[in-house]
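I have placed the structure first, in the form of structure tokens, so that the comments after it can refer back to it.
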Amino acid sequence: MTFPFAKEREYFPILNEKIQLSSCSQSALSRQVEEAIAAYMETLRHTGMDWNLWMDKVEEAKGHFARLINASVEEIAVLSSVSDCASSVATALDFSGKRNQIVTTEMDFPSIGHVWLAQQKRGAHIQFIPAAESVIPLEYYSQTVNEQTLITSIPHVSYYNGFKQDVRQIAKIVHEKGSYLFVDAYQSAGSVKIDVKEMDIDFLAAGVQKYMLGIPGIAFLYVKGELAEKLEPVVTGWFGRVNPFAFDIKHLDYAKGARRFETGTPPMVNGYAAAASIGMLGDIGVQRIEAYLQNLSSVAIAYAEEKGLRVMSPLDLNQKAANTAIYIPQASKAEAILKEKGIIVSARNDVIRIAPHFYNTEQEVMAAIDALADLPAGL
Ligand SMILES: Cc1ncc(COP(=O)(O)O)c(C=O)c1O
């Protein structure tokens, strides 16, 4: 396949020095993001303080994210991490009644499981859906979610092996039982098409450090329009108020829409970076990116198998996003060895994750697999 993103690859200077295949953890830095961060610093250096401009940038980032997932900007709250987003949602729910069950999965990122487990003190009962080999079969959801389930929490794409779930079908199953659906899209946003309306998602959270090409410290929470106003998160702060600048300490009102889920001062410099990086994704188009990444997945799977490596990701491309996980028992050591060779990949437990973005080539993916196949025996 001819490489379709030659012009855009130039945005990422690090690719002249390194093979960076770590988008499941941290994507490559673009000149646009670097310049956006410098622009924020300039405001501090030369203007001193410019709240209106800073807030405009955070709003711009929100707008780009809203478009990326087909939401309206009023349905987006800005927070600092995906864990914060989950906590914010959790504290808006009441577990004191009969419908007090949270269904989540063993494929969720641990932090999300921890947030749900913490709700046990508030009356919640937690039910974990296991994985079967590298996937979660749809019927596990119909077998587990029931009339006691208040919320079902799923990862769109697994951080471990890139397994991609059929969110639309899961939404159907859980909504039939009257449960809300929370989707952690940190491993999909920016590389997989998301349409919260078509998928019928109630809550969705995603940070910017991974496939959204930004930096840590900022995350977005989507809350379905008609739902937001029924909920009052207990994790809160002045930015969740109708008018944050009213400075009325004795009056707890909740802003319209998803903004009621915000807490304190938004992450400003991160907002600058996010406006630049998510704006770039919107210009390029996630559908084009997703199609190209599917091609890289087929290259990664075929070449890893040819080299005798064990692929821990689903082999069916319809069930897989960009991350191809290769079984390496001592993965952290392998990550360090590849880093020495200028190849940046990411270890988790017993796998090395090869997680390309649109700026990576087939040759880079194959070079990483060659390096894994050349690892000393016993690793
Ligand atoms: C799928 C997924 N969810 C959540 C997280 C944690 O996000 P945060 O640190 O923003 O809470 C990660 C981090 O790797 C992740 O991969």
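Tabulated data
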{"item": "Surface accessible to a 1.4 Å probe, Val73 within the full protein complex, Å²", "result": "50 Å²"}
{"item": "Inter-part distance where region 160-215 and region 248-269 are each reduced to a Cα centre, Å", "result": "24 Å"}
{"item": "Where Met312, Met49, Met280 fall by accessible area, highest first, once all protein chains stay in place (1.4 Å)", "result": "Met49, Met312, Met280"}
{"item": "Apportionment of accessible area to carbon and sulfur, region 34-282, percent (1.4 Å)", "result": "53 percent"}
{"item": "Computed E for Gln120/Leu379 - FRET, C-beta separation, R0 51 angstrom, nearest 0.05", "result": "0.80"}
{"item": "Nearest-20 debye value, region 1-151 charge dipole, Cβ charges on Lys, Arg, Asp, Glu", "result": "240 debye"}
{"item": "Violating pairs (Cα-Cα greater than 25 angstrom) within the set Lys98/Lys164; Lys164/Lys333; Lys62/Lys177; Lys197/Lys320; Lys210/Lys341; Lys164/Lys224", "result": "Lys98/Lys164; Lys164/Lys333; Lys62/Lys177"}
{"item": "Listed residues Arg241, Arg9, Arg67, Arg122 arranged by accessible area, highest first, probe 1.4 Å", "result": "Arg67, Arg122, Arg9, Arg241"}
{"item": "Contour minus Cα-Cα distance for Gln319 and Ser72 (0.36 nm per residue)", "result": "86.1 nm"}
{"item": "Calculated P(r) tail over 34 Å for the chain, as whole % of Cα pairs", "result": "29 percent"}
{"item": "Simple Cβ-charge dipole of the chain, Lys/Arg +1 and Asp/Glu -1, about Cα centre, in debye nearest 20", "result": "460 debye"}
{"item": "Glu176/His46 FRET efficiency (R0 56 Å; Cβ-Cβ; nearest 0.05)", "result": "0.50"}
{"item": "Counted charge near Glu364, where neighbours are those whose Cβ lies closer than 13 Å (Asp, Glu -1; Lys, Arg +1)", "result": "0"}
{"item": "Heavy-atom accessible area per residue - the chain, 1.4 Å, Å²", "result": "42 Å²"}
{"item": "Whole-Å distance, taken between Cα centres, linking region 102-143 and region 311-379", "result": "27 Å"}
{"item": "Shape call, region 162-273: gyration tensor on alpha carbons, a/c limit 1.5", "result": "oblate"}
{"item": "Order of exposure, largest accessible area first, which applies to Arg31, Arg353 with probe 1.4 Å", "result": "Arg31, Arg353"}
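The values are calculated or read from the model by the stated rules, or taken from the named source; none is laboratory data. Since the structure is predicted, the reported quantities are computational estimates derived from the model, not experimental observations. We place every Cβ from the backbone using ideal geometry, glycine too, and count neighbours over all the protein chains shown. Remember, those area values only see protein heavy atoms, side chains included, never the ligands or the DNA or RNA. Shrake-Rupley method; radii C 1.70, N 1.55, O 1.52, S 1.80 Å.
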